[in-house]
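Down below is the structure, laid out as structure tokens.
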Amino acid sequence: MATAGNKNINAKLVLLGDVGAGKSSLVLRFVKGQFVEFQASFERAKRWVQELQSQGNPNMVMALAGNKSDLLDAKKVAAEEAQVYAQEKGLFFMETSAKTATNVNEIFYEIANRLPRVQPAENPSGMVLMDRPAERIANTSCCS
């Protein structure tokens with residue numbers, strides 16, 4: 001839940017990617033501060049981006065996490081290549097490491113910061129709308 005001023009904003013966060021891409025590692029590190037080994041896949045991430053962008057939701061916030069930044073020699077995708085791809089597709093890119101906790105909090109906070117700020121609709125008439133069960137209880141007398 002992100003806050004805009006003193007109002008809470010509810011949003012659903014969906015992490016997509018194939019098995020071993022690092023989704024669970026990022027969430028586990030963010031939520032519990034723990035790490036478990038998995039693998040990541042840039043090409044599969046590109047397919048997920050294409051699929052999501054085909055949905056056409058203008059309020060969607062998409063981030064590309066270059067996970068496993070701690071593995072300098074074993075990285076399969078250069079940060080520069082991922083950054084260029086992210087810019088082309090309108091995503092934001094951040095190198096992360098679930099293992100060392102590098103940028104894990106930061107990527108989730110940045111996602112929250114980029115969420116659209118929706119103002120709640122005011123009820124111009126000041127009416128209170130009640131659901132059916134509440135109406136039924138209010139109209140029931142105990143001693144008829």
Candidate set: segment 24-42, residues that are open to solvent by 50 Å² or more (accessible area, probe 1.4 Å) and part of a helix (DSSP H, G or I); chosen: the one modelled with the highest pLDDT: F30
Do we have A11 as within 17 Å of K99 (Cβ to Cβ) and either modelled with pLDDT of 80 or more or surrounded by 13 or more Cβ atoms within 10 Å (Cβ to Cβ) (or both) here? no
Number of positions in segment 46-80 that are in contact (Cβ under 8 Å) with a residue 40 or more places away in the chain, farther than 24 Å from A11 by Cβ and polar (S, T, N, Q): 0
What is the residue count in segment 45-64 for residues that are in a helix (DSSP H, G or I) and under 21 Å from K76 (Cα atoms)? 6
Criterion violated by G17 - all others in (1) at pLDDT below 85; (2) open to solvent by 80 Å² or more (accessible area, probe 1.4 Å) satisfied: (2)
Exactly one of (1) in a loop (DSSP other than H, G, I, E, B); (2) exposed (fewer than 11 other Cβ atoms within 10 Å of the Cβ); (3) among the charged types (D, E, K, R) is unmet by D70. Its number? (2)
Looking at A101, A82, A45, A65 in this structure, which one is at positive phi, modelled with pLDDT of 80 or more and surrounded by 15 or more Cβ atoms within 10 Å (Cβ to Cβ)? A101
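The values are calculated or read from the model by the stated rules, or taken from the named source; none is laboratory data. Source: prediction; values computed, not measured. Please note: Cβ atoms are built from the backbone with ideal geometry, for glycine as well, and neighbour counts cover all protein chains shown. Quick note on the areas: whole protein, heavy atoms, side chains included, nothing else; ligands and nucleic acids left out. Shrake-Rupley method; radii C 1.70, N 1.55, O 1.52, S 1.80 Å.
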